[in-house]
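Visitor: Handing you this structure, nothing more for now.
Here, each number is a calculation from the coordinates, and none is a lab measurement. Note that this is a predicted model, so its numbers are computed, not measured. Using ideal geometry, Cβ is built from the backbone for each residue, glycine included, and neighbour counts are taken over all protein chains shown.
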Amino acid sequence: MPSVFDEELTSAKELSTTLRQITPSDGQFVEAFEIARVSKAQLARYLLRSLEMAAKEEAEPWYMPTADQSVVNSEHVLPQKPAGNWPGFDGEEM
């Protein structure tokens, strides 16, 4: 793929055309995001907070004011380790 760094792309139009080939459509992005999994709680908190702040039209939705988990946290609707006492849910649902 041509690169700006290697000076193979020299105009905004060339860059736009190149990026269009690798950038998903809105529908493709939404579809992939709906099934995305995040393995680190810290990253999940960051993403969820950023989305919430963007929905509230905050000026800098990506800014995380504190790493304090008691201030910015993600609740679990189901237990992370159900110990077999949640028979109505399989591992994928949890």
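Visitor: Could you give each residue of region 10-23 its phi-based ³J(HN,Hα) in whole Hz, using Karplus coefficients 6.51, -1.76, 1.60 with θ = phi - 60°, and x for Gly or Pro?
Guide: Rounded to whole hertz, the list is 10, 9, 4, 5, 4, 5, 4, 4, 5, 5, 4, 6, 10, 8.
Visitor: For SER16 and ALA55, compute 0.36 nm times the residue count separating them, minus their Cα-Cα distance, and round to one decimal in nm.
Guide: Contour length minus the Cα-Cα distance gives 11.3 nm.
Visitor: Taking R0 as 25 Å, what's the FRET efficiency between TRP62 and GLU34 from their Cβ-Cβ distance, rounded to 0.05?
Guide: Once rounded, the FRET efficiency stands at 0.75.
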